[in-house]
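*Asks:* Below is a structure I'd like to ask you about.
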Amino acid sequence: MVRCKSRYLLCEVNMPNRNSLLPLREGAIAQALREAVARAHGDYGAAHCNIGFSVKYLNALTGMVFLRCLKSYYRLIWSALPFITSISIDNRGQKVPCFLNCLHVGGTIRTCQKFLIRYNTQQLHRMLPQCKSEEERQEIRQAILSTTNLSYKRPEKASDDEVESDEGEE
């Protein structure tokens, strides 16, 4: 049996009006990307884009998107990202101007998630000097601590009875 290797692209959807992100759908992003690949690479690119391509995750609040595609054709999709200039947000054909910024290309979703955590932490550290009040600083510090491993609590050690019962089962 042959395994199909994939690549995951972590992209950020940038719109002039952040409120326009809320009605954003995965299907709209997939359709816009397929159209951009067809424009940039013709029928060849459109055919390869449809094989194994999917939008795995969309966060409409932050505008983060995980795209999955085959390893051998991820460069077609990656090179077509600058050609996306608008996305249809509803069934009536209303288009909102936007662009997709590729932040990371990874072999697994997990590597993209780790990169996203580091990226969000860096963004929060950039916001910290721009705060005007101490309350804002505290909120950003809490957000930084919640995204890093500093806030991780280790599970308590198992009691001696549980350890002994595990050893007896082997």
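All of the numbers you see were taken from the coordinates with simple rules; none came from a lab. Nothing here was measured: the structure is a model prediction, and the numbers come from that model. Using ideal geometry, Cβ is built from the backbone for each residue, glycine included, and neighbour counts are taken over all protein chains shown.
*Asks:* Karplus couplings for the stretch 50-64 from phi (6.51 cos²θ - 1.76 cosθ + 1.60, θ = phi - 60°), rounded to Hz, Gly and Pro as x?
*Replies:* Here the 3J(HN,Hα) series is 6, 7, x, 8, 7, 9, 7, 8, 9, 10, 5, 6, 9, x, 8 Hz.
*Asks:* Under unit Cβ charges (Lys, Arg +1; Asp, Glu -1), what dipole magnitude, rounded to 20 debye, does the stretch 6-107 have relative to its Cα centre?
*Replies:* It comes to approximately 120 debye.
*Asks:* By per-residue mean of other Cβ atoms within 10 Å, what is the highest-first order of 27-37, 113-123?
*Replies:* Top of the packing list down: 27-37, 113-123.
*Asks:* If you don't mind, another one. Tell me, what HN-Hα J-couplings in whole Hz come from the Karplus equation 6.51 cos²θ - 1.76 cosθ + 1.60 at θ = phi - 60° for each residue of the stretch 134-143, using x for Gly and Pro?
*Replies:* Those phi angles translate into 5, 5, 4, 4, 5, 5, 5, 4, 5, 5 Hz.
*Asks:* Can you give the three extents of the C-alpha atoms in the stretch 6-107 along their principal axes, from longest to shortest, in whole Å?
*Replies:* Answer, in whole Å and largest first: 36, 26, 19 Å.
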